[in-house]
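Heads up, the thing below is written out as structure tokens.
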Amino acid sequence: MPSVFLSPSLQEWNPYINGGNEEYFMNLVADAIEPYLTASGITFARNTPTQKLSEAIAQSNAGNYDLHLAIHSNAAGAANSGNVRGTEVYYYPTSAKGKRAAEIIAENYRDIYPLPDRVRTVASSSLAELKRTKAPAVLIETAYHDNLADAEWIQENIGAIGRNLAQSIAQFLNVPFVDL
């Protein structure tokens with residue numbers, strides 16, 4: 001049976017410009033993904049907010065998952081804070097399956113993100129969840145939480161983001177997507 005490990009952000013210290021934090025909202029996205037996975041016959045596990053990143057990676061590696069999906073939101077940093085919008089979908093440079101999953105996720109995400117030309121895939125060998133997981137891994141930065149328009153878009157589209165990511169997971173796993 002196809003399976004995925006969901007890894008919503010553990011960054012409770014990473015605030016949204018308009019209230020709340022990255023860990024809270026990315027866990028809501030993971031919550032929104034789950035019913036679609038169940039309906040589509042995809043098994044899953046996920047980290048918990050009390051874990052450290054190393055523990056979440058160890059939990060993922062202890063299973064036999066077909067995909068590890070890290071779910072985050074982004075911040076531009078002090079120099080550009082509030083001025084950047086967009087979505088990055090990261091994969092490990094030598095992972096053909098990770099790249100394929102990232103491309104599927106980015107292509108489908110363009111259907112819901114308000115600036116589809118700013119959704120891109122990025123190879124990275126520095127992100128722990130890409131380089132230390134045994135399953136093919138993707139890390140999505142859903143949008144910029146230090147940009148008011150992006151932060152509001154995330155908060156107002158939790159369900160749509162969850163549905164879209166679940167649809168991409170099903171597509172990557174070659175499983176018929178069951179809409180709810």
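Just one of (1) in contact with a Pro (Cβ under 7 Å, 6 or more places away or on another chain); (2) in contact (Cβ under 8 Å) with a residue 24 or more places away in the chain fails for GLY86. It is (1). Sub-6 Å Cβ pairs linking a first residue in segment 152-180 that is free of Cβ contacts under 8 Å to residues at least 12 places away in the same chain to a second residue that is surrounded by fewer than 21 Cβ atoms within 10 Å (Cβ to Cβ) and part of a loop (DSSP other than H, G, I, E, B), at least 6 apart or interchain, number zero. Does ILE112 satisfy the condition of being surrounded by 14 or more Cβ atoms within 10 Å (Cβ to Cβ), under 9 Å from TYR90 (Cβ atoms), at pLDDT 95 or above and among the β-branched types (Val, Ile, Thr)? Against the criterion (surrounded by 14 or more Cβ atoms within 10 Å (Cβ to Cβ), under 9 Å from TYR90 (Cβ atoms), at pLDDT 95 or above and among the β-branched types (Val, Ile, Thr)), ILE112 does not qualify. Exactly one residue among ALA62, ALA58, ALA78, ALA45 is within 25 Å of ASN164 (Cβ to Cβ), of a type outside the set (Ser, Thr, Tyr), exposed (fewer than 15 other Cβ atoms within 10 Å of the Cβ) and out of contact with any Leu (no Cβ under 7 Å at 6 or more places or on another chain), and that residue is ALA45.
Tally time: how many residues in segment 115-153 are surrounded by 23 or more Cβ atoms within 10 Å (Cβ to Cβ), out of contact with any Gly (no Cβ under 9 Å at 6 or more places or on another chain) and assigned to a strand (DSSP E or B)? Adding up the residues that qualify gives 3. In segment 36-57, the residues that are without any contact (Cβ under 8 Å) to a residue 40 or more places away in the chain form no Cβ pair under 7 Å with any partner that is assigned to a loop (DSSP other than H, G, I, E, B) and β-branched (Val, Ile, Thr), whether six or more places apart or across chains.
Conditions (1) of a type outside the set (A, V, I, L, M); (2) in a loop (DSSP other than H, G, I, E, B); (3) without any contact (Cβ under 8 Å) to a residue 12 or more places away in the chain, marked per residue:
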position	(1), (2), (3)
LEU69	no, no, no
SER73	yes, no, no
ALA76	no, yes, no
ASN108	yes, no, no
TYR113	yes, yes, no
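Is at least one residue of segment 17-28 surrounded by 21 or more Cβ atoms within 10 Å (Cβ to Cβ) and within 14 Å of THR133 (Cα to Cα)? Scanning segment 17-28 turns up no residue that is surrounded by 21 or more Cβ atoms within 10 Å (Cβ to Cβ) and within 14 Å of THR133 (Cα to Cα). Of the residues making up segment 51-66, those that are within 17 Å of MET1 (Cα to Cα) and outside any helix (DSSP H, G or I) number 4. Considering the conditions (1) assigned to a helix (DSSP H, G or I); (2) touching a helix residue (DSSP H, G or I) at 6+ places or on another chain (Cβ under 9 Å), ALA102 is excluded by exactly one of them, (2).
Listed here are the residues, each with its yes/no results for (1) at pLDDT 95 or above; (2) part of a loop (DSSP other than H, G, I, E, B); (3) polar (S, T, N, Q).
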site: SER7; (1), (2), (3): yes, no, yes
site: ASN18; (1), (2), (3): yes, yes, yes
site: ALA32; (1), (2), (3): yes, no, no
site: PRO49; (1), (2), (3): yes, yes, no
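The values are calculated or read from the model by the stated rules, or taken from the named source; none is laboratory data. As the structure is a computational prediction, the values presented were derived from the model and not from experiment. Using ideal geometry, Cβ is built from the backbone for each residue, glycine included, and neighbour counts are taken over all protein chains shown.
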